[in-house]
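The structure appears right after this line, and notes come after that.
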Amino acid sequence: MFKTFLRVLALLGFAVIFAVTVGGCSTALTGQKLLAIEPCNVGVGRIYDVRIEGRMLLSASKEMIGHKRACGSSDSSYMEVPDSVDVTWRTADGVIHKETVTIKARVDKRFHLRRLIFNFDEGSLQVQQFLSFDEPWALGRDVVLPIYP
């Protein structure tokens, strides 16, 4: 009876180690994580034709009405954290603005990057990183730090 218990325990231990190893390797090899891209108009004027592009189009929005923190839809998908992104948008006066933002080198590696927040205020842009802790005790204690400028 005791030997059977030890065999079952050993098999369970092996299964757990195998699952963690295989699951961890696939994430580590691809470098992909669930990441949300969130464009927000924090100014008072409207902005148009927002495009956030890395290796692919990460987010696009036709029109964002100005308000205190009016955010477009958050686009989430599995992707590698981009080295940089090209951001373009048009303000109400018709001027097209372009910025290239370094992302990967500026992400705080102590936490898990969950979301990139792009705050548009007329012709200026600020980018923030929304980070989370791993530890269960820290749930809800998220950190928002600047990336750009």
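Of all the listed residues (Glu80, Glu53, Glu63, Glu38), the sole one being among the charged types (D, E, K, R), open to solvent by 30 Å² or more (accessible area, probe 1.4 Å) and either within 14 Å of Arg115 (Cα to Cα) or modelled with pLDDT under 80 (or both) is Glu80.
Quick check on the stretch 83-104: of everything there that is open to solvent by 60 Å² or more (accessible area, probe 1.4 Å) and of a type in the set (A, V, I, L, M, F, W, C), which residue is modelled with the lowest pLDDT? Spell out how you get there, then give the answer.
Taking the stretch 83-104 as the starting set, the residues that turn out to be open to solvent by 60 Å² or more (accessible area, probe 1.4 Å) are 83, 86, 90, 92-93, 95-96, 98, 100, 102, 104.
With of a type in the set (A, V, I, L, M, F, W, C) added as a condition, the list becomes 92, 95-96.
On the way: Ala92: 93, Val95: 97, Ile96: 98.
Here the answer is Ala92.
Just checking, does the stretch 105-120 include any residue being open to solvent by 10 Å² or more (accessible area, probe 1.4 Å), part of a strand (DSSP E or B), under 21 Å from Glu63 (Cβ atoms) and at pLDDT 90 or above?
Of the stretch 105-120, the ones open to solvent by 10 Å² or more (accessible area, probe 1.4 Å) are 105-112, 114-115, 119.
Remaining after also requiring part of a strand (DSSP E or B): 112, 114-115, 119.
Now restrict to residues that are under 21 Å from Glu63 (Cβ atoms): 119.
Within this subset, residues satisfying the condition of being at pLDDT 90 or above are 119.
Checking the stretch 105-120: at least one residue is open to solvent by 10 Å² or more (accessible area, probe 1.4 Å), part of a strand (DSSP E or B), under 21 Å from Glu63 (Cβ atoms) and at pLDDT 90 or above.
For the stretch 77-115, how many residues are of a type in the set (Asp, Glu) and free of Cβ contacts under 8 Å to residues at least 40 places away in the same chain?
Number satisfying all stated conditions: 4.
Annotation: Ser61 fulfils all but one of (1) within 15 Å of the chain's Cα centre (by Cα); (2) of a type outside the set (Lys, Arg); (3) farther than 19 Å from Tyr148 by Cα; the unmet one is (1). Scanning the stretch 41-50 for residues that are open to solvent by less than 50 Å² (accessible area, probe 1.4 Å) and either out of contact with any Gly (no Cβ under 6 Å at 6 or more places or on another chain) or over 25 Å from Val81 (Cα atoms) (or both) yields Gly43, Gly45, Ile47, Val50. Taking the numbered list (1) part of a strand (DSSP E or B); (2) modelled with pLDDT under 90; (3) farther than 19 Å from Leu131 by Cβ in turn, Lys3 passes all entries but (1).
The values are calculated or read from the model by the stated rules, or taken from the named source; none is laboratory data. These numbers come from a predicted model, not from an experiment. Using ideal geometry, Cβ is built from the backbone for each residue, glycine included, and neighbour counts are taken over all protein chains shown. Keep in mind that these areas ignore ligands, DNA and RNA; they rest on the heavy atoms of the full protein, side chains included. Shrake-Rupley method; radii C 1.70, N 1.55, O 1.52, S 1.80 Å.
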